[in-house]
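Structure, as structure tokens:
Read the figures in this text as sums done on the coordinates, not as results from a lab. Computed from a predicted structure; not experimentally measured. Neighbour counts are summed over all protein chains in view; Cβ atoms, including those assigned to glycine, are modelled from backbone coordinates with ideal geometry.
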Amino acid sequence: MANAALRNVKVLPNSANMEEARHRVFEFFRTACRSLPSVMEIYNLYDVVSVSELRSSVASQIRNNIHVTDPKVIDMLLFKGMEELKNVVDHSKQRHHIIGQYVVGRQVQDSATKDPDTSTFLKNFYNTNYF
Amino acid sequence: MATNTFTGASLSERFLRLKLNQRLAFNSIAGQRYSSISSYGRRNVSFSSQPRSIRLTVSCAAKPETVEKVCKIVKNQLALSDDSKVNGESTFTALGADSLDTVEIVMGLEEEFGITVEEDSAQSISTVQEAADLIEEIINKQSP
């Protein structure tokens, strides 16, 4: 059913200014959050994660790019984000992809970067596993 | 195929609650079936989901309960401790929330109360009391 909402998504023209790009980011986040219950149903994630945790994971991924100020770059990131959301909702990914990227991936990345004694080899190993 | 075995009544209740939220969310998404998602103009979101009567009664009768529930969701979303004071006059920016956090709080409130907040209304929320008032207004609008 979430496919119907995303089927009408068109590629919008470039944002005129920073405020319009910021508005579109919130719109994309709202669209992604409304798709999360159907994502939980499609991939059967009830026993590994909750909707609020997935929402926090999506928000943290958006917050990773909080430093971007060029509207063109933001539009490109939004396009890639919408493409990713469409792939998730259309079941173009498998269950372990969702778990690896949005459930476990954040914890592993956080634990890797927080441990100063970890060697560079292991840090790069952890990063490449989840990107 | 993973076999789901729920041990304990609390997990079953959580599952049922998620099922209910999911059904309500499906109604919200299905209502936008023929509408194009764009940032130009207002989005006409049809309020097709019907909240349960017991929730309607509680939400309409006791306004402080709605404010308390909103405060609980805000604390949970911003990872605040339980002893930090959050009341109706607290603003989201004073609690350390940026604009994305505010949108996330609104989405959490949508999930909890089973409603769909319009985009223009969501942007005007800045305090807990305004959020609770908007939620009760939407619930009253949805009730038959």
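Here residue A:93 is the anchor, and the aspartates and glutamates within straight C-alpha reach of less than 16 Å, apart from those fewer than 8 places off in the same chain, are A:41, A:83, A:84. On the beta carbon distance between residue B:76 and residue A:70, with R0 = 35 Å, the FRET formula returns roughly 0.55.
Panel order for A:22, A:55, A:63, by other beta carbons found within 10 Å of each beta carbon, from fewest to most: A:63, A:22, A:55. Classification of the stretch B:62-140 by its C-alpha gyration tensor yields an oblate form. The axis ratio a/c (a ≥ b ≥ c) is 1.5 or more, and b/c is at least a/b. Annotation: the stretch B:93-133 has a Kirkwood hydrodynamic radius of 10.4 angstrom, from the mean reciprocal C-alpha pair distance. Phi angles of the stretch A:74-81 translate, via the Karplus equation with coefficients 6.51, -1.76, 1.60 and θ = phi - 60°, into HN-Hα couplings of 5, 4, 5, 5, 5, 4, 5, x Hz per residue; Gly and Pro are given as x.
Mind sorting A:82, A:18, B:107 by how few other Cβ atoms lie within 10 Å of their own Cβ, fewest first?
Result, fewest neighbours first: A:18, A:82, B:107.
The calculated P(r) of the stretch A:16-106, using every Cα pair and 5 Å bins from 0, goes 3, 13, 25, 25, 16, 10, 6, 2, 0 in percent. The 3J(HN,Hα) values that the Karplus relation (6.51, -1.76, 1.60; θ = phi - 60°) gives for the stretch B:80-91 are, in residue order, 8, 6, 6, 8, 6, 7, 10, 10, x, 8, 6, 8 Hz. Gly and Pro appear as x. Projected onto planes of every orientation and averaged, the convex hull of the alpha-carbon atoms in the stretch A:35-81 covers 3.7 nm². Using the Cβ-Cβ distance between residue B:68 and residue A:94 with R0 set to 41 Å, the FRET efficiency from 1/(1 + (r/R0)^6) comes to roughly 0.50.
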